[in-house]
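Following: one structure in structure tokens, then a few remarks.
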Amino acid sequence: MSRLAYVNGAYVPLARAAISIQDRGFQFADSIYEVWAVRDGRLYDAVEHLARFKRRSKSCASRRQ
């Protein structure tokens, strides 16, 4: 089985996976990183995580304009 990468909304063979040198995330390391704890099969503090994710995604989106 060949290895795949998810790039810009599509799965592509790993050997063909690439991003543009002009990609803002590549140039400026814009990203959102969240780690969610799972306890007894349920997300812990889901409301707080989603609120933080929403704030951060708006922040990243405003920098892209």
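Please treat every number below as a calculation from the coordinates, not as lab data. The model shown is predicted, which means the values in this text are computed figures rather than measured ones. Here the Cβ positions follow ideal geometry from the backbone for every residue, glycine too, while neighbour counts run over all protein chains shown.
Mind sorting out which of (1) 13.3; (2) 14.6; (3) 16.0 is the real Kirkwood radius over Cα pairs in Å computed from the coordinates? Label (2) holds the value from this structure. Modelled this way, with points 7 Å down the Cα-to-C-beta line, the labels at LEU50 and ALA37 are 2.0 nm from one another. Taking the helices alone, the chain has a mean residue ellipticity at 222 nm of -11000 deg cm²/dmol, built from -39,500 (n - 2.57) per DSSP H run of at least 4 residues and averaged over all its residues. Annotation for segment 4-65: chymotrypsin sites (Phe, Trp or Tyr not before Pro) lying in DSSP loop with at most 13 further Cβ atoms inside 10 Å of their Cβ are TYR33, TRP36, TYR44. Across the chain, C-alpha contacts under 8 Å between residues 6 or more apart give a mean separation that, scaled by the residue count, equals a relative contact order of 19 percent.
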